[in-house]
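The values are calculated or read from the model by the stated rules, or taken from the named source; none is laboratory data. Predicted model, so just to flag it, every value in this text is computed and none were measured. Virtual Cβ from ideal backbone geometry, glycine too; neighbours counted across all protein chains shown.
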Amino acid sequence: MSGAFLVSAVFLVSYLYYHFNYDPVRLEVQGPIRTIYFAMLISHIILAVVIVPLILRTLFLASKQNFVAHKKIARIVFPLWIYTSLTGVLIYFFLYVWFPSESLTG
């Protein structure tokens, strides 16, 4: 879990750097795909904000060897972390693989 946290932290720093320094890429497709994308994006953003302090709390409890409290919160945090990670990958695929904008393809 420490390795997963480290990789996630490095990704978060690189993600924030990118979004503060480059123009956003917009999904240009219309219809139900766009609705699905935005529903996923909104849930991803909300959970990405909420998950950081929850992960830090979970790691803190483990470091203090308070495994009863750690297990209790980890049962909630782990599935949220997985969901946030997977929706992040799906959002990437929506923007850059499945429906890239004209500016990205040439």
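Structure values in brief
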item: Flag for ARG26 being part of a loop (DSSP other than H, G, I, E, B), among the basic types (Lys, Arg) and more than 17 Å from the chain's Cα centre (by Cα); result: yes
item: Options VAL68, VAL50, VAL89: the member that is more than 14 Å from the chain's Cα centre (by Cα), outside any loop (DSSP other than H, G, I, E, B) and among the hydrophobic types (A, V, I, L, M, F, W, C); result: VAL68
item: Test: ARG75 is within 19 Å of the chain's Cα centre (by Cα), among the charged types (D, E, K, R) and modelled with pLDDT of 95 or more; result: yes
item: Failed criterion for VAL13 (all others in (1) assigned to a helix (DSSP H, G or I); (2) at pLDDT below 95; (3) surrounded by 14 or more Cβ atoms within 10 Å (Cβ to Cβ) hold); result: (3)
item: Index of the failed condition, VAL7 passing every other in (1) surrounded by 13 or more Cβ atoms within 10 Å (Cβ to Cβ); (2) out of contact with any helix residue (DSSP H, G or I) (no Cβ under 6 Å at 6 or more places or on another chain); (3) β-branched (Val, Ile, Thr); result: (1)
